[in-house]
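Heads up: the structure comes next, in structure tokens.
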Amino acid sequence: MKRLMFYCQHILGMGHLVRSMEIVRGLTQDFRVCFINGGEIIKEFAIPDGVEVVNLPAIKTDSEFRTLQAVDSTQDLAMVQEMRKHQLLKVLKEFQPDVLMVELFPFGRRKFSFELIPLLEEIRAQGNKTRVVCSLRDIVVTKQNREKHEEKVCTLINQYFDLLLIHGDAQFQPIEETFSRIRDLQCPVHYTGYVVQPQPETAIVPDIPQPLILATVGGGRFGHELLNAVVNAAPILEVALPHHIQVFTGPFFPDNQFAELQAKALKRHNLKVDRFTPNLLPYMQKADLSISMSGYNTTMNVLTTGTRALMLAFTGNDDQEQRIRSEKLNHLGVVDTIQPHELIPYQFAKRTIACLQKQPTTLQFDFNGVAKTASLLHQLLAEKQATYA
């Protein structure tokens, strides 16, 4: 069985972790998988059978993505970085992967060059026996000088990578819209389609009063204003259009704010606030309306279930990824978007009611991201075998 080492670094939310884990879930039948997690451990997060996880000393970032921080505040960041670098090299030596997949880098996560460049250099020193693949979402975020950023991406891809996999649908979101120099990359570039969670055959959730409004914000480090709007609008919605409202704050939601939301929920018959569920998709299937941010994974859940959706884009640190995605889908009539100034209770309740009364619009997208990723990896290794034959 071929060996695949997958590097994932989530630093603020958990979207990168969710998408990466879905990819390796679909590869376990054909590969022995070693998953490198560089972010904070989420205890309730389900690991697929057959995936070996190596947790590096965790690193996160501030909400503006400006500085890296050790999750364990008792540890010095420089010491953590050095430990991680040596641990990665040790795993490479012991696991001897046929393929190394690196999520996002070098299109992002370049602050982790301290450990990734030595890893990639070691692969080169070993004669490139390990094929190196970049795993990239559909939208590239550029916050600094775009020309300089894209030049650096091209240099690193052309120096170290054998394949670029874009987990999106070119008909909906071509990579050229957010990365102009795709033709300057010397490795093969393939769209895989979107990576989605498989629809569960049975709903593994407790009985919930229906109809249902589901409110989520991913990991919970941002989007607090959206959940506050949901909770504050609950009394209005209870009278105007009765629904049960289920809120999941995410594992990183601040404890004090979580306690405040739960205290408010205790006073309402139509509202329940929980921190996390590993079985979110069945809730989405049952929901009449999803209220959320417009990250990659939540959006895919909305699209695959056909649930009505009201979305607020995260725009911290001038990050335009969620805005681009949600505005496109809003223009196509698939979701509704809401702006920060509309989060006051009566206006938010009005938007929620209007959304619930709309007929959902569904469109066809390429959701074969996991299967196509597996196929393209097999193709890459077949070409490698032919090269060394």
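The values are calculated or read from the model by the stated rules, or taken from the named source; none is laboratory data. All values reported here derive from a predicted model rather than from experimental measurement. We place every Cβ from the backbone using ideal geometry, glycine too, and count neighbours over all the protein chains shown.
Taken over segment 28-49, the criterion of being of a type in the set (D, E, K, R) and over 11 Å from Arg3 (Cα atoms) is satisfied by Glu40, Lys43, Glu44, Asp49.
Does Asn228 meet the test of being in the same structural domain as His341 (by TED's automatic domain parsing), more than 22 Å from the chain's Cα centre (by Cα) and among the polar types (S, T, N, Q)?
Numbers: in the same structural domain as His341 (by TED's automatic domain parsing): yes; more than 22 Å from the chain's Cα centre (by Cα): yes; among the polar types (S, T, N, Q): yes.
Yes: the conditions hold for Asn228.
Name every residue in segment 157-182 that is touching a residue at least 40 places away in the same chain (Cβ under 8 Å) and of a type in the set (Val, Ile, Thr), in order of residue number. Across segment 157-182, the qualifying residues are Ile157, Thr178.
When Val231, Val217, Val189 are checked against the criterion of being among the β-branched types (Val, Ile, Thr), under 18 Å from Met293 (Cα atoms) and surrounded by fewer than 23 Cβ atoms within 10 Å (Cβ to Cβ), Val231 stands alone in meeting it.
Could you tell me whether His341 is assigned by TED's automatic domain parsing to the domain that holds Ile23 and not β-branched (Val, Ile, Thr)?
Working: assigned by TED's automatic domain parsing to the domain that holds Ile23: no; not β-branched (Val, Ile, Thr): yes.
It is false that His341 is assigned by TED's automatic domain parsing to the domain that holds Ile23 and not β-branched (Val, Ile, Thr).
Residue-wise test of (1) of a type in the set (A, V, I, L, M); (2) in contact (Cβ under 8 Å) with a residue 60 or more places away in the chain; (3) over 30 Å from Leu227 (Cα atoms); (4) surrounded by 18 or more Cβ atoms within 10 Å (Cβ to Cβ).
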| position | (1), (2), (3), (4) |
| --- | --- |
| Glu321 | no, yes, no, yes |
| Thr337 | no, no, no, yes |
| Glu342 | no, no, no, no |
| Arg351 | no, no, no, yes |
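Taken residue by residue, segment 172-180 has at least one member that is charged (D, E, K, R), closer than 19 Å to Asp366 by Cα and assigned by TED's automatic domain parsing to the domain that holds Phe95. Scanning segment 28-37 for residues that are buried (at least 24 other Cβ atoms within 10 Å of the Cβ) and either assigned to a loop (DSSP other than H, G, I, E, B) or touching a residue at least 60 places away in the same chain (Cβ under 8 Å) (or both) returns a single hit, Phe31. Being free of Cβ contacts under 8 Å to residues at least 24 places away in the same chain, not assigned by TED's automatic domain parsing to the domain that holds Gln144 and not in a helix (DSSP H, G or I), is that true of even one residue in segment 283-306? The answer is no, given that none of the residues of segment 283-306 is free of Cβ contacts under 8 Å to residues at least 24 places away in the same chain, not assigned by TED's automatic domain parsing to the domain that holds Gln144 and not in a helix (DSSP H, G or I). Considering only residues in segment 176-186 that are assigned to a loop (DSSP other than H, G, I, E, B) and surrounded by fewer than 21 Cβ atoms within 10 Å (Cβ to Cβ), the one that is farthest from the chain's Cα centre (by Cα) turns out to be Gln186.
Inspection of segment 199-209 finds a residue satisfying the criterion of being loosely packed, with under 15 Cβ neighbours inside 10 Å, of a type outside the set (Gly, Ala, Ser) and touching a strand residue (DSSP E or B) at 6+ places or on another chain (Cβ under 8 Å). Of everything in segment 247-271 that is under 25 Å from the mean Cα position of the chain (by Cα) and assigned to a strand (DSSP E or B), the residue that is farthest from Ala229 (Cα to Cα) is Phe248. Answer yes or no as to whether Ile213 is under 19 Å from Thr307 (Cβ atoms) and in contact (Cβ under 8 Å) with a residue 60 or more places away in the chain. In short, yes.
Count of segment 38-70 residues, restricted to those that are hydrophobic (A, V, I, L, M, F, W, C), exposed (fewer than 13 other Cβ atoms within 10 Å of the Cβ) and more than 20 Å from Val91 (Cα to Cα), is 1.
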